Amino acid sequence: MTANEEKKLRVLIPHWIKHNKEHAEEFQRWAKEAGIAGEDILSAATLMIQVNNSLESGLEKLGGQLEHTHKHDD
């Protein structure tokens, strides 16, 4: 992996973690309303949290989160 790819991952992974967390929370809300499928949806939420644990571990091994700033010319 190049240094540029590593840097990009250190920006992307936190975004993925945030996105997954939002989905897991939504799954948990819907699981309460899903009747017979609720247990499966809740299981999916649990798996999403486990995915984030793996992503957080990988991010730590890469050196942690980089701040990603957008600069716009005025």
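The values are calculated or read from the model by the stated rules, or taken from the named source; none is laboratory data. In this text, all values refer to a predicted model and were calculated from it rather than measured experimentally. Here Cβ is always computed from backbone atoms with ideal geometry, including for glycine, and neighbour counts include all displayed protein chains.
Couple of notes before you dig in:
- Residue under evaluation Leu12, criteria (1) in contact with a Lys or Arg (Cβ under 8 Å, 6 or more places away or on another chain); (2) without any contact (Cβ under 8 Å) to a residue 24 or more places away in the chain, criterion not met: (1)
- Every residue from the stretch 64-74 that is modelled with pLDDT of 95 or more and either touching an Asp or Glu at 6+ places or on another chain (Cβ under 8 Å) or among the polar types (S, T, N, Q) (or both): Gln65
- When Leu66, Leu55, Leu42 are screened for being outside any loop (DSSP other than H, G, I, E, B), touching a residue at least 40 places away in the same chain (Cβ under 8 Å) and surrounded by 14 or more Cβ atoms within 10 Å (Cβ to Cβ), only Leu55 passes.
- The lone criterion from (1) hydrophobic (A, V, I, L, M, F, W, C); (2) surrounded by 12 or more Cβ atoms within 10 Å (Cβ to Cβ); (3) out of contact with any helix residue (DSSP H, G or I) (no Cβ under 8 Å at 6 or more places or on another chain) left unmet by Ile13 is number (3).
- Selection over the stretch 4-40 of residues that are aromatic (Phe, Trp, Tyr) and either closer than 17 Å to Ser57 by Cβ or under 9 Å from the mean Cα position of the chain (by Cα) (or both) gives a count of 1.
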